[in-house]
Amino acid sequence: MSFSTLSVSSSADASTQLRVDGVSHTFGARRVLTDITFTVPPGDRVGMIGENGSGKSTLLRILAGTLTADAGTVRAIASG
């Protein structure tokens, strides 16, 4: 089993600013995120849409590091 980590690196990967790999999260018996995986290249803008209760805020909290995912990793590349 792996746990969510948020690592910030200054050795920037030229092709990825944000990498999310296999993030899952549950609240009790309710799974709100299942194996979420995506990358965001530098300079891209990203938006999320979805129904109420679909996990948007949960994913943002995991990306911000204020909530730990049940599984998966988050890696943010900091410029400079």
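Residue check: is T66 open to solvent by 70 Å² or more (accessible area, probe 1.4 Å), hydroxyl-bearing (S, T, Y) and modelled with pLDDT of 95 or more? Considered against the rule, which asks whether it is open to solvent by 70 Å² or more (accessible area, probe 1.4 Å), hydroxyl-bearing (S, T, Y) and modelled with pLDDT of 95 or more, T66 comes out as yes. If we scan the range 25-35, do we find a residue that is exposed (fewer than 10 other Cβ atoms within 10 Å of the Cβ), part of a loop (DSSP other than H, G, I, E, B) and in contact (Cβ under 8 Å) with a residue 12 or more places away in the chain? The answer is no, given that none of the residues of the range 25-35 is exposed (fewer than 10 other Cβ atoms within 10 Å of the Cβ), part of a loop (DSSP other than H, G, I, E, B) and in contact (Cβ under 8 Å) with a residue 12 or more places away in the chain. Quick check: anything in the range 41-53 assigned to a strand (DSSP E or B), in contact with a Lys or Arg (Cβ under 8 Å, 6 or more places away or on another chain), open to solvent by less than 90 Å² (accessible area, probe 1.4 Å) and of a type outside the set (G, A, S)? Checked the range 41-53: no residue is assigned to a strand (DSSP E or B), in contact with a Lys or Arg (Cβ under 8 Å, 6 or more places away or on another chain), open to solvent by less than 90 Å² (accessible area, probe 1.4 Å) and of a type outside the set (G, A, S).
The values are calculated or read from the model by the stated rules, or taken from the named source; none is laboratory data. These figures come from a predicted structure and were not determined experimentally. Every residue, glycine among them, receives a Cβ derived from its backbone with ideal geometry; neighbour counts consider all protein chains shown. Side chains included, ligands, DNA and RNA excluded: accessible areas come from the protein's heavy atoms. Shrake-Rupley method; radii C 1.70, N 1.55, O 1.52, S 1.80 Å.
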